[in-house]
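To start, the structure under review is shown below, and the notes come after it.
What follows is calculated from the coordinates using simple rules that are stated; it is not laboratory data. Everything numeric in this text was worked out from a predicted model, so none of it was measured. Cβ: placed from backbone, ideal geometry, glycine included. Neighbour counts: every protein chain shown.
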Amino acid sequence: MDTLTIVGCQFGDEGKGKIIDYLSSSYDLSVRFNGGENAGHTVVVDGYTIKYHLVPAGFLRARTSVIANGVVLNLRKLNEEIEFLSKMRNKFDLKISDLAHVVTDLHIERDKFLEGLRGKSSIGTTLKGIGPAYESKFGRYGIRLEDFKDPSTLLQKVELISSVYNIPYSKGYVEELMQNYEKIKNYVTNTVDYLHDELDNGSSALFETAQGTFIDIEFGTYPFVTSSHTVTGGVTVGTGLSPKYFTKFLGVAKAYTTRVGEGYFPTELFGDEAEKLRKLGNEYGTTTGRPRRIGYLDIPMLKRAVKLNSLDYLALTKTDVLGKFDDIRVGVSYIKNGSEIKEYNPNSKIDNVEYVRFDSWIDNRRNLIKFIEFIEDEIGIPVALLGIGESRGDIEKRFPIP
Ligand code: IMP
């Protein structure tokens, strides 16, 4: 049994897709354990851009892909994604948990309604119904894939959600849900037992989170967070495997920081500087197309991600992009009332950030090494992989992950 769990160390969009795609050729299974189509994992293969939203990003290379129970599924989107991906790999093995919850149009309407109610303090959600789908799950009125086996159960559940939200639905909509289920039903199975059997019989697996540590429902910059557990801890309940199955944890961080939606971001850049880095890195949301907020790498934040996720290794992405920026910095501590603070705490307002500056490595690789070694010294774990370009092959392995 060899497992590696991959999480994002920032606010999502760290470039996990590319790292997962790269590593997945060494694993039997590629497993996604949280979130929904709010996620967007991008991989560029032979000039084609693939945007994974629900299917694990190791789909093209791993033997089997598993959408585990912790994921919430919009069946319309799932079908579109499978249809697209099946053109990239015509023989594939996909398993979808019968316990996974479904995101309906009612959840999407509810998401819009709640964001409207929040007004100026809106979260800036992706409006994909993710929060409401998890709300239904924990409120115990959600719809699971297993409910589709009995049309009357499905109808009853849709009715209940409609009553809770006071949002109407049409008979045609329930039929559409069922039609979408019919298209995927051959993939739906008991993934909990499947994963146990595979791992107990020696298969290896790569587990991937969607989003990043600081939009985790518990440990993120609450309330500006998503509604699932994005940290490594989420992998156990998100799959039905106990903690004993997980031994290696890889965090993915961008060489700078980006964020979509509102919330705490101490190293944020504004104006022309932000725009320049945004353009260099093409920092626009994969799911919503929104321009991402941009800032420097934040060491206290990264250290907190190492702690919360027990990270063993880091993958540092988009180093090529930052190398082209003319003012390269890393945030190392914060200043509050004249004192230096080294801990990341989204609930404590700070006055300033202390930065360390670096020279560009565009013509001098030694400067990139200095940048990496500085980060390693600060966070106490090694950088195993470097993202050095957009395409699949643009990854530099500094050492093999054992
Ligand atoms: P929700 O997940 O759609 O409810 O959105 C909650 C917050 O998480 C918003 O700030 C979103 O922009 C952010 N978010 C959700 N998914 C992702 C992602 O995959 N990458 C980056 N931000 C995300």
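Compare the Cα positions of GLY338, GLY389, ILE379 along the charge dipole of the range 337-402 (+1 at Cβ of Lys, Arg; -1 at Cβ of Asp, Glu; about the Cα centre) and return the one farthest towards the positive end.
GLY389
Given the options VAL353, GLY58, PHE138, identify the residue whose Cα lies farthest towards the positive end of the charge dipole of the chain (+1 on Cβ of Lys, Arg; -1 on Cβ of Asp, Glu).
Towards the positive end, the residue furthest out is VAL353.
Which whole-number percent gives the relative contact order of the chain, counting Cα pairs below 8 Å spaced six or more residues apart?
21 percent
Let me know the charge dipole size of the range 179-310 about its Cα centre in debye, to the nearest 20, where only the beta-carbon of Lys, Arg (+1) and Asp, Glu (-1) is charged.
It works out to roughly 340 debye.
Mind listing the long-range amide H neighbours of THR5? Cut-off is under 5 Å, sequence gap 5 or more, other chains count too, H placed in the peptide plane at 1.01 Å from N.
Correct list: PHE207, LYS248, PHE249, LEU250.
In whole angstrom, note down how far apart the Cα centers of the range 1-30 and the range 256-325 are.
Measuring centre to centre over Cα atoms gives 18 Å.
Treating the angle as unsigned and between 0 and 90°, give the value, to the nearest 10°, between the Cα long axis of helix 271-281 and the longest Cα principal axis of the chain.
With rounding to tens, the tilt is 70 degrees.
For the range 27-35, just list the computed ³J(HN,Hα) in residue order, Karplus coefficients 6.51, -1.76 and 1.60, θ = phi - 60°, integers in Hz, with x standing in for Gly and Pro.
Rounded to whole hertz, the list is 10, 6, 10, 10, 10, 9, 10, 7, x.
How high is the FRET efficiency between LEU160 and LYS112 when r is their beta carbon distance and R₀ equals 22 Å, given to the nearest 0.05?
Result of the calculation: an efficiency of 0.65.
Taking the Cα centre as origin and putting +1 on Lys and Arg beta-carbons and -1 on Asp and Glu beta-carbons, what dipole magnitude results for the range 332-375, to the nearest 20 debye?
Dipole size: approximately 60 debye.
Which part of the range 302-334 falls in the paramagnetic zone of ASP351, meaning amide N under 17 Å from the point 7 Å along Cα-to-beta-carbon?
Within reach of a label on ASP351: 333-334.
Mind checking the angle between helix 191-200 and the chain's longest principal axis? C-alpha axes, 0 to 90 degrees, to the nearest 10.
Once rounded, one gets 60 degrees.
Once fully extended, how much extra length lies between GLN179 and VAL192, figured as 0.36 nm per residue of separation less the alpha-carbon to alpha-carbon distance?
In short, 2.2 nm is gained.
Mean residue ellipticity at 222 nm from the helices of the chain, using -39,500 (n - 2.57) per DSSP H segment of n ≥ 4 over the full residue count, to the nearest 500 deg cm²/dmol?
Helices in the chain give a 222 nm mean residue ellipticity of -10000 deg cm²/dmol.
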